[in-house]
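Enquirer: The structure under discussion is supplied below as structure tokens; questions concerning it will follow.
The values are calculated or read from the model by the stated rules, or taken from the named source; none is laboratory data. Model, not experiment: these values are computed from the prediction. Counting neighbours? That spans all protein chains shown, and the Cβs are built from the backbone with ideal geometry, glycine included. In case anyone asks, the SASA skips ligands and DNA or RNA and just uses the protein heavy atoms, side chains included. Shrake-Rupley method; radii C 1.70, N 1.55, O 1.52, S 1.80 Å.
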Amino acid sequence: MRIRFLFNKEFYRFLRTYFSAQFQIFQDQQILKKNNPDARIDGDSKIIKPENVTLGKGVKIDRHVYLNCGGIQAYHSEGFIHLSDHVRIVTGK
């Protein structure tokens, strides 16, 4: 049995899509951390358009938080998020 038959094209396509999406999330988090060095951002949070986010001092963003600053495409506008100092965003259960 050859190894090349263990994986098919759909599996490779899934891996490529999954890891490229994870890498984009990582890059967005790095941009947000660079622009806001005082903020604490968990590695499991997802931020869309991090360049449109401004965070104050001591802001904490916990796990599983999803922030979307992409705006509404129907109106061709972009969204912005501004958080003041010492704000904590958590997911409730």
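Enquirer: Report the accessible area of residue 46, computed with a 1.4 Å probe over the heavy atoms of all protein chains in place, in Å² rounded to the nearest 10.
Expert: 80
Enquirer: What number comes out for accessible area per residue over the stretch 10-75 if the probe is 1.4 Å? Units Å², please.
Expert: Averaged over the residues of the stretch 10-75, the accessible area is 68 Å².
Enquirer: Give me the distance in nm between label points sitting 7 Å out from Cα along the Cα-to-Cβ direction at residue 88 and residue 64, one decimal.
Expert: Result: 1.7 nm between the two label points.
Enquirer: Something else now. For the ranges 62-69, 26-33, what's the packing order if you count other beta-carbon atoms within 10 Å of each residue, average per peptide, and put the highest first?
Expert: Taking the mean over residues of other Cβ atoms within 10 Å, the ranking is 26-33, 62-69.
Enquirer: Round to the nearest 0.05 the FRET efficiency obtained for residue 20 and residue 42 when R0 = 30 Å and r is the Cβ-Cβ distance.
Expert: 0.90
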